[in-house]
Amino acid sequence: MFEAGGLKLLALHLIGQQPSHGYDVIRAVGELVGGDYQPSPGTIYPTLSYLVDMGHATASESEGGRKRYTITAEGEQALAEQADALQLLLTRLARGKDRDARQRPPQLVRAIENFKMALRLKMAGDGETALSAEQIDKIAALLDEVALKIEKA
């Protein structure tokens, strides 16, 4: 998805636009890409920590102990120095997002979103309603079956 340093540059750009929590950066990257990809917390938080270590960002505790990342003067300078690379990256992401949007039939987008919501709701157990091993196996088997049917369609 990203060339070397691309995610760091994009994260720096996003916190330069607005101080953000890690999950805000994850959502913003997902929106820029078109919703099919969101970096994992295991990717974003080390990236944000790297930006802090480099002096390009600061992290401060905010509500609920979450860290809020803000760009520094050094980070703004780094962004300015990499303005061409950032513009190329943003253009590439926008083109990919537009191309993907044109190629996605709305019926499939709706069906996929319905599927994701159903799965999230099913997995959001509170301990008492957590999925059993049998339910997990049944859902996995259904997903495998549908994937095979899609391949043959």
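The values are calculated or read from the model by the stated rules, or taken from the named source; none is laboratory data. Just so it is clear, the model here is predicted, and its values are computed rather than measured. Virtual Cβ from ideal backbone geometry, glycine too; neighbours counted across all protein chains shown. What goes into the accessible areas is simple: the full protein's heavy atoms, side chains included, and nothing from ligands, DNA or RNA. Shrake-Rupley method; radii C 1.70, N 1.55, O 1.52, S 1.80 Å.
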Inset, instruction - Please indicate, with yes or no, whether at least one residue in region 67-74 is open to solvent by less than 10 Å² (accessible area, probe 1.4 Å) and either in contact with a Leu (Cβ under 7 Å, 6 or more places away or on another chain) or within 26 Å of residue 113 (Cα to Cα) (or both). - result: yes
Legend entry - residue 52 being assigned to a helix (DSSP H, G or I), of a type in the set (A, V, I, L, M), surrounded by 11 or more Cβ atoms within 10 Å (Cβ to Cβ) and at pLDDT 95 or above: yes
Inset, instruction - Confirm whether residue 45 is within 15 Å of residue 12 (Cα to Cα) and without any contact (Cβ under 8 Å) to a residue 24 or more places away in the chain. - result: yes
Inset, instruction - Would you check which residues across region 4-41 are open to solvent by 60 Å² or more (accessible area, probe 1.4 Å) and free of Cβ contacts under 8 Å to residues at least 60 places away in the same chain and list them? - result: 4, 8, 17, 18, 23, 27, 31, 37, 38
Legend entry - Subset of region 1-49 [assigned to a loop (DSSP other than H, G, I, E, B) and among the small types (Gly, Ala, Ser)]: 4, 5, 34, 35, 40
Legend entry - The one condition in (1) over 20 Å from residue 31 (Cβ atoms); (2) modelled with pLDDT of 75 or more that residue 105 fails to fulfil: (2)
Inset, instruction - May I ask you to list pairs of residues, at least six apart or on different chains, whose Cβ atoms are under 8 Å apart, with the first in region 62-77 being of a type in the set (A, V, I, L, M, F, W, C) and the second being assigned to a loop (DSSP other than H, G, I, E, B)? - result: 71/19; 71/56
